[in-house]
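Student: The structure that follows is given in the form of structure tokens.
Since every read-out is calculated from the coordinates, none of them should be taken as a lab result. Note that the structure is predicted; figures quoted are calculated from it, not measured. Reconstructed Cβ throughout: ideal geometry from the backbone, glycine too, with neighbour counts over all protein chains shown.
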Amino acid sequence: MAKRIGLLGGTFDPVHIGHLRSALEVADALALDELRMMPNARPPHRDTPQVSPQQRLEMVRLAVDGIAPLVMDDRELKRDKPSYTVDTLELMRAELAADDQLFLLLGWDAFCGLPSWHRWEELLQHCHILVLQRPDADSEPPDALRNLLAARSVSDPSALTGPNGNIAFVWQTPLAVSATQIRQLLASGKSVRFLVPDAVLAYIDAHGLYRASN
């Protein structure tokens with residue numbers, strides 16, 4: 001039986017219930033065998049995270065502990081250079097069987113930004129792309145993606161076949177929570193309980209992360 005593996009990358013600064021709920025919804029909808037949550041080390045498109053890579057990794061590990069099929073993947077943190085998704089996909093694909101399906105999960109904004117990514121035209125050689133679609137994502141994709149969507153888009157994500165090569169949109173329950181909001185609350189001394197898993201909150205408190213003095 002071919003395996004179905006999902007990949008959700010991000011800074012996870014910190015990981016929160018929005019990340020986890022999105023991951024679980026996709027894993028359930030597509031009957032994934034595994035969904036790997038992969039913190040970026042030095043994201044090319046983002047500001048440097050406030051806390052160390054090891055702390056972000058530990059928060060993800062705590063968040064997914066015991067929640068199958070979510071798992072933590074630390075491969076990008078082992079790199080000493082910027083995290084390029086195409087490199088990660090190449091490495092993952094080399095570890096999988098030829099007919100295993102690999103799904104890259106992207107939010108709408110990240111998807112629209114694909115033309116600025118390193119070797120972005122090669123991504124579909126290694127995976128399917130699942131675009132996490134929310135009701136407020138009503139903007140048009142950039143021109144560079146329109147031909148790709150016309151050629152590679154599949155209307156039903158559960159109908160994706162083969163190991164790679166297509167794009168599908170997955171409807172998501174919107175959760176109005178962001179890592180930026182959580183960092184702002186913590187910096188002002190306010191509670192973030194129920195916005196992050198209890199184990200992550202305990203880790204943040206124990207290490208004094210995101211406080212105004214940091």
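Student: Near M1, within a Cβ-to-Cβ distance under 13 Å, what is the net charge of the other residues, with Lys and Arg +1 and Asp and Glu -1?
Tutor: My count for the surroundings of M1 gives -1.
Student: Further, regarding this structure: Residues with beta-carbon under 11 Å from that of L35, excluding L35: net charge, scoring Lys, Arg +1 and Asp, Glu -1?
Tutor: Local charge sum for L35: -3.
Student: Sticking with this structure for a sec: Could you give the length gained on full extension between D80 and D65, defined as 0.36 nm per residue of separation minus the Cα-Cα distance, in nm?
Tutor: 2.7 nm
Student: Once each part is reduced to its C-alpha centroid, what is the distance from segment 17-92 to segment 102-158 in angstrom?
Tutor: Their Cα centres are 19 Å away from one another.
Student: Students often get this wrong, so try it: which of (i) 26.7; (ii) 11.9; (iii) 10.6 is mean projected area of the Cα convex hull in nm² as calculated from the structure shown?
Tutor: (ii)
Student: Using Cα pairs closer than 8 Å and at least 6 residues apart in sequence, work out the relative contact order for the chain, in percent.
Tutor: 24 percent
Student: Among N40, N147, N164, whose mean-square fluctuation peaks in a Gaussian network model of the chain (Cα, cutoff 10 Å)?
Tutor: Per the Cα network of the chain with a 10 Å cutoff, N147 tops the list.
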